[in-house]
Amino acid sequence: MSKFFSEKFNNLTPYVPGEQPKGEFIKLNANESPYAPSPLGVELACEEAGKVNLYPDATLSALKETYATYLGVKPTEVIATNGSDDVLNFAFNAFCDNKTPAVFADITYGFYEVFAKLNGVKAKIIPLKSDFTIDVEAFKNAGGTIFLANPNAPTGISLSLAKVEEIIKANPNNVVVVDEAYVDFGGESAVKLINKYENLLVTQTFSKSRSLAGARLGFGIACEKLILDLETIRYSTNPYNINKMTMAMGIGSILDDGYFKTNCQKIIETRQFFVKKLEGLGFETLPSSTNFILTKNKKISGCELFKKIKENGILVRHFNSPRVRDYVRITIGEFVDMQKLFTVIEKIMEENSL
Ligand SMILES: *Cc1c(COP(=O)(O)O)cnc(C)c1O
C-alpha cells in the first residue's frame, strides 16, 4: 500500500474471484456456463467490433428495450450495467449511508461485504438458520437496505416468492435488493412485483445462465424512480459502462431464447444426475436451485477434498469460513466433465477409507 492510499480504505479487503488457471484444468469453480454464448450474439458482436471508433450508445436503448420486452416491463424500469456487480455497487452507493446500513445474511455472496466497506457503510449481518435457509422473520423491519441473493450463494437454496414478498412488504421504508444471479436454474423471479412495491430492486446477470461471464452484462429491474436513482449514479461514474460488442451479445442472447432455455435445462438435468451419484457415496448436498452445489462428506474435510480434486486436474471451490468449511462448492459443467469429476471423487473416497 502506498502512503497516499486513503485511510478510509484501511479495512477494505478486496473480493477474491475464483481462480482462472492457465493449463489443463476442468473449471468448476466460478459458476460459469460450460456452453458457448449464443451464436447469434457472437455474429452481432462481430459486426459491432468494426465500429468501436465511436462511443457506444450511452442510453443503452436497444438493449434495454429488448430485455424489457422479454421481461414484460417498460424500458424505463430497466438499467443495464457492466455485470451485475456493477448495479449492486450502485445500489450500495445509492441506497446505503451512515443512517442506513446494508443488511445481508452471514453466508451469502461475498461481494456484499466488500461493497459495504468500499462505500463506507455499516453491515448488519443476519445468520442463516441451522438448515442454511434465510431467517425470514429476522429480515422483517431490518432497519437497512436489504441484499438478498435468491437463490442464495454458496448454499444454492432458493426462497419462495411468497417469502421474498413478505420481506419486501415488511420493510416499506427501505430498499430490498433481490439478487437473482441464479434464478434461471430453478428459482422464482420477483420481477413481476416491481410495480407493486416501490422499494423492490431485482438484479440479474448474463454471466451464469447466458454464458456471458467474459462479456460483463447485468441488469437492475425496479420501478422508474429507483431506476432513475441508479441511472444518476451510472451517469456520474461511467455512462459508457457497456461496450458495443457486449450490447450486441446481450441482444443476441435474448433473441436466441431457445438456445438459452435448452442450456439451462441441460444444467438442471446434469445437476440432478450428479447429486444422485454423490448421494451414493454418502455425500450430503444442500437442495440447489442453481448451477452449482454445496456438498460435504463426513469422511473427508472440505479443504482436503478440494485439494485432492485439484491434484486430479479439476478445480472446485472451498470457502474457509466456519459454517461452510466442511463443504466444497462445485459448479455444474458439461455432463462428461461431471462424469469425470465423479470418477475422481469416487477414487478419492476409496483411497481415503484405506
Ligand atoms: C456471479 C454473481 C453475481 C454477479 O456476477 P456478474 O458477473 O458481475 O454479473 C452477483 N451475485 C451473485 C450471487 C453471484 O453469484
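Only the coordinates and a few stated rules stand behind these numbers; no lab work does. The model shown is predicted, which means the values in this text are computed figures rather than measured ones. FYI the Cβ positions are ideal-geometry reconstructions off the backbone, even for glycines, and counts take in every protein chain you see.
The residue pairs whose first member lies in the range 31-52 and is among the β-branched types (Val, Ile, Thr), whose second member is surrounded by 17 or more Cβ atoms within 10 Å (Cβ to Cβ), and whose beta carbons are closer than 8 Å, counting only pairs six or more residues apart or on different chains, are VAL42/MET249; VAL42/GLY252; VAL52/ASN243; VAL52/LYS244; VAL52/MET245. The residue of the range 107-132 that is farthest from the ligand (Cβ to nearest atom), among those that are under 20 Å from SER288 (Cα atoms) and either out of contact with any Leu (no Cβ under 7 Å at 6 or more places or on another chain) or of a type in the set (Gly, Ala, Ser) (or both), is SER130. Among the residues of the range 39-60, those that are under 10 Å from MET247 (Cα atoms) and in a helix (DSSP H, G or I) comprise GLY41, LEU44, ALA45, GLU48. Here GLY143 meets each of (1) farther than 22 Å from VAL191 by Cα; (2) within 15 Å of the ligand (Cβ to nearest atom); (3) part of a loop (DSSP other than H, G, I, E, B); (4) more than 14 Å from the chain's Cα centre (by Cα) with one exception, condition (2).
Taken residue by residue, the range 204-215 has no member that is assigned to a loop (DSSP other than H, G, I, E, B) and away from the ligand (no atom under 16 Å from the Cβ). Looking only at the range 315-347, residues that are closer than 18 Å to PRO21 by Cα and among the acidic types (Asp, Glu) come to 1 in all.
If the condition is being surrounded by fewer than 13 Cβ atoms within 10 Å (Cβ to Cβ) and within 30 Å of ILE345 (Cβ to Cβ), then the range 20-55 contributes GLN20, PRO21, LYS22, GLY23, GLU24, ALA36. In the set (1) surrounded by fewer than 19 Cβ atoms within 10 Å (Cβ to Cβ); (2) in a loop (DSSP other than H, G, I, E, B); (3) not small (Gly, Ala, Ser), THR69 fails one condition alone, (2).
Those residues that are assigned to a loop (DSSP other than H, G, I, E, B) and within 14 Å of the ligand (Cβ to nearest atom), I need them from the range 174-203; list them, please. Scanning the range 174-203 gives GLU180, ALA181, TYR182, GLY187.
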